[in-house]
Amino acid sequence: MSEFREGKRYNSFVGYFRGRYGERLQKIVIDAGFTCPNRDGTISVGGCSYCDNRAFHPSYSSPDKDMALQIEEGMEFHRVRYRNARRFLAYFQPYSNTYAPLERLKEVYSRALSHPSVRGIVIGTRPDCVDEAKLDYLASLKDGREGFTDENGNPPIVIIEYGIESCLDRTLARINRGHDFETACRAVRMTAERGIDCGAHFILGLPGESREDMLGYADEINALPLLSVKFHQLQIVKGTRMEREYAACPEDFIRFSLEEYVDFFVDMLERLRPDLCIERFAGEVPPRFVNETPWGLIRNVELLRMLDKRLEERDTFQGAALETAFKNQSLLKK
């Protein structure tokens, strides 16, 4: 079995960060008032069929608040739970946070990095909302060439998190993403070429996808120069187009029980390369945004315990299927 941090059977992103930076760095969600090209009519309207951004970020994060106030309230919010948290990452999460002219992006990111407790930025965006000039600027930020350094002279952390959601073009079209999978691959490669840490987000359970389709993501993900990956199970949010689609065609959706999902994700982990950091494997939106909570009210820490337990019960680990395939290939060559 591969060696993983903190006694885990998978490569934890939290463990990776502690090992690389020597401390916990907590994300503070920032809403800088961006939108998306599939909302404003540039490529489409209505946004992604599953999306209501209010369900995915905390109450302290609001575009009508000054960024400094969002950071201060976010720090207080997280210090209740993580008393030892000293340094933070400004997480530009809602909507597409590179969807603006470069000069505006410079102003927004600079304001966050000017806060003395902010160690770096994490930028959530779409793969069709980056270009060479924007990525060049972000590379100059992370290299310290824009003048932002901490008290020890370290340049800021810069991470881009791309919403890819699915590796299947038919699914991306169905959920109104407005881009194909090759666009995502190109954005990830352009980002990695500049030495910028890059993560990706995927949704498991999108309409029309089988378990085999979803497990097939692993080969595509393994081929990309990603640092980290984040998975969420599909949640049907009230008032979205997907809620109406689910009501009309429930047979098009795989709805996992909690136990089924944990077991399925173990299958996924076995197929993912072991150096890939797993940032999240599931999540819950606040109950007021959904008509049902089939898993009950379960905290992320309990989900992680369930994952650890199932990996141990099955005596398996991240990359196990790849290791087995490699051994079999070696035997065939002898």
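Observations
- Subset of the range 133-158 (residues that are part of a loop (DSSP other than H, G, I, E, B) and either in contact (Cβ under 8 Å) with a residue 60 or more places away in the chain or touching a strand residue (DSSP E or B) at 6+ places or on another chain (Cβ under 8 Å) (or both)): Asp150, Pro156
- Only a single criterion out of (1) within 25 Å of Leu206 (Cβ to Cβ); (2) assigned to a helix (DSSP H, G or I); (3) modelled with pLDDT of 90 or more is not satisfied by Phe34, namely (2).
- Residue in the range 94-101 that is open to solvent by 80 Å² or more (accessible area, probe 1.4 Å) and more than 20 Å from the chain's Cα centre (by Cα) present: yes
- Exactly one residue among Ala133, Ala187 is open to solvent by 50 Å² or more (accessible area, probe 1.4 Å), on the phi < 0 side of the Ramachandran plot and of a type in the set (A, V, I, L, M), and that residue is Ala133.
- Taking first residues from the range 56-82 that are at pLDDT 85 or above and partners that are open to solvent by 80 Å² or more (accessible area, probe 1.4 Å), the Cβ contacts under 8 Å between residues at least 6 apart in sequence or on separate chains come to Met67/Arg111; Ala68/Arg111.
- Sole exception among (1) of a type in the set (Ser, Thr, Tyr); (2) farther than 19 Å from Asn53 by Cα; (3) surrounded by fewer than 17 Cβ atoms within 10 Å (Cβ to Cβ) for Thr293, by number: (2)
- Criterion violated by Glu251 - all others in (1) open to solvent by 70 Å² or more (accessible area, probe 1.4 Å); (2) touching a Lys or Arg at 6+ places or on another chain (Cβ under 9 Å); (3) modelled with pLDDT of 95 or more; (4) more than 24 Å from Lys8 (Cα to Cα) satisfied: (2)
- Per this entry, Tyr21 is not counted among residues that are touching a helix residue (DSSP H, G or I) at 6+ places or on another chain (Cβ under 7 Å) and either among the hydroxyl-bearing types (Ser, Thr, Tyr) or open to solvent by 40 Å² or more (accessible area, probe 1.4 Å) (or both).
- Unique residue being touching a residue at least 24 places away in the same chain (Cβ under 8 Å), within 19 Å of the chain's Cα centre (by Cα), in a loop (DSSP other than H, G, I, E, B) and crowded, with 17+ Cβ neighbours inside 10 Å when the list is Tyr10, Tyr91, Tyr16: Tyr10
- Glu212 meets each of the listed conditions (1) acidic (Asp, Glu); (2) part of a helix (DSSP H, G or I); (3) open to solvent by less than 40 Å² (accessible area, probe 1.4 Å) apart from (3).
- The C-beta contact set for the range 166-184 (first residue open to solvent by 60 Å² or more (accessible area, probe 1.4 Å), second residue not in a loop (DSSP other than H, G, I, E, B) and not aliphatic (A, V, I, L, M), distance under 8 angstrom, 6+ apart or interchain) comprises Asp169/Phe181; Asp180/Asp169.
- Among the residues of this structure, Arg104 counts as one that is over 23 Å from Leu172 (Cβ atoms), open to solvent by 60 Å² or more (accessible area, probe 1.4 Å) and of a type outside the set (Ser, Thr, Tyr).
- Enumeration of residues in the range 263-290 that are open to solvent by less than 20 Å² (accessible area, probe 1.4 Å) and over 29 Å from Ser59 (Cα atoms): Phe264, Phe265, Val266, Met268, Leu269, Leu272, Leu276
- Some residue of the range 173-193 being under 17 Å from Cys48 (Cα atoms), part of a helix (DSSP H, G or I), among the acidic types (Asp, Glu) and out of contact with any Pro (no Cβ under 8 Å at 6 or more places or on another chain): no
- Number of the exception - Gly47 against (1) closer than 18 Å to His201 by Cα; (2) open to solvent by 10 Å² or more (accessible area, probe 1.4 Å); (3) in contact (Cβ under 8 Å) with a residue 60 or more places away in the chain; (4) not hydrophobic (A, V, I, L, M, F, W, C): (2)
- Of the residues making up the range 122-132, one or more are in a loop (DSSP other than H, G, I, E, B), within 17 Å of Lys230 (Cα to Cα) and not aromatic (Phe, Trp, Tyr).
The values are calculated or read from the model by the stated rules, or taken from the named source; none is laboratory data. None of these values were measured; they are calculated from a predicted model. So basically every Cβ, Gly included, is an ideal-geometry build from the backbone, and we count neighbours across all protein chains shown. When the accessible area is computed, the model is the full protein with side chains, heavy atoms only, and any ligands, DNA or RNA have been set aside. Shrake-Rupley method; radii C 1.70, N 1.55, O 1.52, S 1.80 Å.
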